[in-house]
Amino acid sequence: MISAGVLGSPISHSLSPLLHNTMYDFLGIDASYKAYEVASGDLKHFLDDEGSSLNCLSLTMPLKEEALTIAGSVSNISRQIQSGNTLHKVEGVWQLTSTDVEGFTHALNFNNRDAKGNVLIIGAGATARAVIAACDGVSGEITVVNRSPDRELAIRKSCPNSEVQFTSWESTIDFEDFDLVVNTTPGNTAAVFVDQVQSASATYFEVLYNPWPTQLLAQWRKVGGYGIDGLDLLIHQAISQASIFTALSIDRGAIAKMLRSVGERELS
């Protein structure tokens, strides 16, 4: 039996239990998936105590980097981006990987978009590293809007085959210079750029679904731009996780459409 859950803090808003349980019911899989509040620094204690019976886990912030310290095996992609959102036990050993990278690519494809052309990434944390890894070797010029110079090295290591330019948080951005804009910052942090969006020819990808929508995504759509919300990213990384947990090949297209409908009803 799959005994699973999503860990993080805060976690009460998470749609992961709804999406995963919907998938497992549809597939006829015997599984339980719940949300657990686990703060930074508490992952190992949780797994040794309350979570000792769990065998499949989704991780959200602030645990994606901490997971590297407790996993018995770490995938190449998690090593590359120094982050993991998926833990599952194999013969009692936690295996860590990230489905954020392929989830981002699948979410773009689901919307008939891709990461070719010039890309702007807002933020430079763990999610930004997953996004830029997905763009590595695919995109043209990649620019990162960065508030912390200390994160630049990790970003560069996440995309070893691409040149990356950094620009400061205080910069004025001409969004028309880009084909794809991705916001990876929490909450409405990127709302400081709203007034700079007067037209939108690029595709905008918002990794969040809480708030729904963010101010920047709302502005992008208001001026007629194409915006992808964080529900699609959540859905596609979850489908990849479910494939790992169940060891099944899943019909991504059909499942994604079903989960999109379920998620939209919950958020509306």
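Since every read-out is calculated from the coordinates, none of them should be taken as a lab result. Because the structure is a prediction, the values reported are computed rather than measured. All Cβ positions, even for glycine, are placed from backbone atoms using ideal geometry, and neighbour counts span all protein chains on display.
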**Item:** Violating pairs (Cα-Cα greater than 26 angstrom) within the set K44/K89; K34/K257; K64/K89; K44/K257; K157/K257
**Value:** K44/K257; K157/K257
**Message:** Could you work out how much longer the chain between Y226 and E91 gets when fully extended? Use 0.36 nm per residue separation minus the Cα distance between them, nm to one decimal.
**Reply:** 44.1 nm
**Asked** Can you give the FRET efficiency for D48 and I250, using 1/(1 + (r/R0)^6), R0 = 35 Å, r = Cβ-Cβ distance, to the nearest 0.05?
**Response** 0.65
**Message:** Which one, V119, V74, V93, has the greatest fluctuation when you compute a Gaussian network model over the chain with C-alpha springs under 10 angstrom?
**Reply:** V93
**Request:** Kindly express, to the nearest 10 degrees and within the range 0 to 90, the angle between helix 100-110's C-alpha long axis and the longest C-alpha principal axis of the chain.
**Result:** 60
**Message:** I want to verify a result. In a Gaussian network model of the chain, Cα cutoff 10 Å, which of these has the top mean-square fluctuation: I81, I122, I29?
**Reply:** I29
**Message:** Run the numbers for I29 and W169: contour at 0.36 nm per residue of separation, minus the present Cα-Cα distance, in nm.
**Reply:** 45.8 nm
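By DSSP, what percent of the beta bridges with both residues in the chain are antiparallel, rounded to the nearest 5?
On the way: 8 of 41 bridges.
Antiparallel bridges make up about 20 percent of those DSSP assigns within the chain.
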**Asked** Rounded to the nearest whole Å³, what is the per residue volume of the convex hull around the Cα atoms of region 102-228?
**Response** 93
**Message:** For region 81-177, give me the percentage of DSSP beta bridges that are antiparallel, rounded to the nearest 5 percent.
**Reply:** 35
**Prompt:** Taking the chain as a Gaussian network, Cα atoms linked when under 10 Å apart, which of Q196, Q219, Q95 shows the biggest mean-square fluctuation?
**Reply:** Q196
**Request:** Using only the alpha-carbon atoms of region 1-146, report the extent along each of the three principal axes, biggest first, to the nearest angstrom.
**Result:** 46, 34, 30
**Asked** Rg and Dmax of the chain over Cα atoms: what are they, in angstrom?
**Response** 18.0, 55
